1. Take the stretch 1-20 and flag every residue that is surrounded by 18 or more Cβ atoms within 10 Å (Cβ to Cβ) and more than 13 Å from residue 69 (Cβ to Cβ).
2. What pairs can you find where one residue is in the stretch 8-25 and without any contact (Cβ under 8 Å) to a residue 40 or more places away in the chain, the other is surrounded by 14 or more Cβ atoms within 10 Å (Cβ to Cβ) and of a type in the set (Lys, Arg), and their Cβ atoms are less than 9 Å apart, with a gap of 6+ or different chains?
3. For the stretch 49-86, enumerate the residues that are open to solvent by 50 Å² or more (accessible area, probe 1.4 Å) and assigned to a loop (DSSP other than H, G, I, E, B).
4. Within the stretch 19-38, does at least one residue satisfy the condition of being in contact with a helix residue (DSSP H, G or I) (Cβ under 7 Å, 6 or more places away or on another chain), assigned by the TED database to the domain that holds residue 75 and outside any loop (DSSP other than H, G, I, E, B)?
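The values are calculated or read from the model by the stated rules, or taken from the named source; none is laboratory data. Bear in mind the structure is a predicted one, so any value in this text is a computation, not a measurement. Here the Cβ is made from the backbone with ideal geometry for all residues, glycine too, and neighbour counts use every protein chain on show. Each accessible area value is taken on the protein alone, full model and side chains, heavy atoms only, with ligands, DNA and RNA left out. Shrake-Rupley method; radii C 1.70, N 1.55, O 1.52, S 1.80 Å.
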Amino acid sequence: DVSSPKHGKVDPFNTPHVGGNVWAGGTGGRDTAGLGGKGGPYRLDAGHRVYQVSQAEKDAVPEEVKRAAREMGEKAFKQRLKEIQMSEYDASTYERFSGAVRRQVQSLRIILDNLQ
């Protein structure tokens, strides 16, 4: 069961973590920031293979936990914008322009990675 969203502990060795309720950047777990899990406050990619919980499990997360996770994610987003000296307007403008060329940039990254 999910209880309350949190960032989670940071693994200094960046070991892959699957499931559980401890590590930030893990996959398929609960309550912590990561990918493929349920009840976490925001997505956090540590670069590992993603294990996905079922949509039924995600839908079963209580509304108060979903609300707390959204609030925590929004707070972290605003803090990050402050750290990089960017306003919410700047962020939405950046996202609009970035989104328009995202696929082309990804293709170019793949080409450059293969050339290296």
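1. 17
2. Cβ pairs passing all conditions: 19/30; 20/30; 21/6; 21/30; 24/6.
3. Result: 49, 50, 51, 52, 54, 60, 84, 85, 86.
4. yes
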